[in-house]
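Remarks on the structure that follows.
A short reminder: the numbers here are calculations on the coordinates, not readings from a lab. Quick caveat: nothing in here was measured; it's all calculated off a predicted structure. Neighbour counts run over all protein chains shown; Cβ positions are idealised from the backbone, glycine included.
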4 protein chains.
Amino acid sequence: MTIPTEDSLKQLQQKLQAFIDERDWAQFHSPKNLAMAMIVEAAELVEHFQWSTESESHELSAEKREAVGYELADTFVYLLRISQVLNIDLIEVANAKILLNAQKYPVELMRGKNNKYADYQNQKNV
Amino acid sequence: MTIPTEDSLKQLQQKLQAFIDERDWAQFHSPKNLAMAMIVEAAELVEHFQWSTESESHELSAEKREAVGYELADTFVYLLRISQVLNIDLIEVANAKILLNAQKYPVELMRGKNNKYADYQNQKNV
Amino acid sequence: MTIPTEDSLKQLQQKLQAFIDERDWAQFHSPKNLAMAMIVEAAELVEHFQWSTESESHELSAEKREAVGYELADTFVYLLRISQVLNIDLIEVANAKILLNAQKYPVELMRGKNNKYADYQNQKNV
Amino acid sequence: MTIPTEDSLKQLQQKLQAFIDERDWAQFHSPKNLAMAMIVEAAELVEHFQWSTESESHELSAEKREAVGYELADTFVYLLRISQVLNIDLIEVANAKILLNAQKYPVELMRGKNNKYADYQNQKNV
């Protein structure tokens, strides 16, 4: 008999749903409010890096690395929650977006360049 | 013989890593820069809801729902990417954070309340 | 003899410049870093309103109103600072932008509508 | 007779108020919604700098400098608008905040250091 490997993301989403249900918090979780909460968490991540050089942002102390991990977790939890509330499959849209980006930024043209799509389009139109 | 169920998040992370490698983009991906890119995507989500009522933010047109899905995907992709660069296990920190939040916001005290921890702590200190 | 009324914004900018100079902080104030610092402060404002209804966000307690005032101040200070560093006249660009917006959103078409320009343009193109 | 020098900020605020009134847009301008709109504009500024080095963020092309100026203007306009709606004097709170910061970050201790207050406090407690 096969015991299926559990999908880590689905498990996490179930745990999150239970956490919300126990506290009866779904009533506060409009997509509008959750988007606000998510950007607040994203900003707490930004705050860790605002006065760092790029190089310093790679080399975190153990203490800062833990704090950064929790900010990533907070952002992730709200991202999962918005997806739940809107019934959007996060894995599916992420896969679809990576496919779109692969077409938008062709390997041969974008290799080693940080140009944005707009810049690339402008070049095409010249 | 057991064919293991693939973990959806690990597959996505591998796809993302390949996308970056093919374009030689790791050089631009300092945590500092990636945190900036992520909050920009989070803000594009916020923009969809800024003039909506909370109720409207639940009831999206098919067109808006698709656009919102792509903003969630963009935010997710940068979140995954920061985690890769810093070698932080997103599932692990999210599980740890939900556990911490469960202690911080006890069910019996927080049920149906949107108070923040700070407010709750203030009440305790009275 | 006329004692000229001082321009409140210019006075504030001078005070801010002196504050930075005394601490020798200009070295940390790249536009990149300052933009990060500003969005962090903007997010602290958002945090005050994330679980409020729109109506509640109008009716702040004295304590909350003071806290909100300080978040507005923090955002303003970084906005002024970026403008100083890039030598951009904030009043001038704001006046120019209001003029542009007046053309983009004609009174007769936009009265009482919260449509974005994109939506308005789409209607024109039908 | 004294002709008073006009205060540039007050003039701007009056112009903004007239712009809103003509379009009957006050109905959409809850502090909650305006805070969302402001952070969206702040993120558009961040986007200009997300792949730049700090040094590059100082040296903008004429075209980019104009675009950055308009993002600063957009952020400023929403900041002014929130202040109007909440009846908060932006100059007054900014002056008060600079005074508070001057006490929080004493010149003799903070000169040339980008430590945050938290770090400074930690040092004191050692």
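Give the longest segment of chain A that steers clear of GluC sites (Glu not before Pro) in DSSP loops with at most 15 neighbouring Cβ atoms within 10 Å, not counting the sites themselves.
My reading of the result: A:60-126 is the longest stretch.
Report the residue of chain B with the smallest Cβ-to-axis distance, using the rotation axis that brings B onto D, in whole Å.
Minimum Cβ distance to the axis, with residue: B:43, 2.
If you put a point 7 Å past Cα along the Cβ direction, how far is that point for residue A:104 from the same point in each other copy, in nm, smallest first?
2.0, 3.3, 3.7
Take peptide A:56-67, look around each residue's Cβ out to 10 angstrom, count Cβ atoms belonging to other protein chains, and average those counts.
Whole-number average of other-chain Cβ neighbours for A:56-67 is 2.
Over all residues in A:92-102, what is the mean tally of Cβ atoms on other chains that come within 10 Å of each residue's Cβ? Display every interim value, and only then the final one.
On the way: counts 4, 10, 16, 6, 4, 8, 7, 2, 2, 6, 5.
Across A:92-102, the average partner-chain Cβ count within 10 Å equals 6.
Classify the protein assembly as shown as rounded, prolate or oblate from the Cα gyration tensor: take a ≥ b ≥ c as the square roots of its eigenvalues, call it rounded if a/c is under 1.5, otherwise prolate when a/b beats b/c and oblate if not.
Numbers: a/c = 1.42, a/b = 1.37, b/c = 1.04.
Rounded, since a/c falls under 1.5.
At residue C:56, label 7 Å along Cα→Cβ: distances to the other copies, nm, ascending?
Values, ascending and in nm: 2.1, 3.8, 4.3.
For residue A:17, place a label point 7 Å out from Cα along the Cα→Cβ vector, do the same in each other copy, and report the separations in nm, one decimal, smallest first.
The projected label point of residue A:17 is separated from its counterparts by 3.0, 5.2, 6.0 nm.
How far is it, in nm, from the label point at residue C:65 to the one at residue C:24 when both lie 7 Å from their Cα along the line to the Cβ?
According to this spin-label approximation, the distance is 4.3 nm.
Given N residues in chain A, what is Rg(Cα) / (2.2 N^0.38 Å)? Numbers along the way, then the final one.
Numbers: Rg = 19.2 Å, N = 126, 2.2 N^0.38 = 13.8 Å.
Against the empirical 2.2 N^0.38 Å value, I get 1.39 for chain A.
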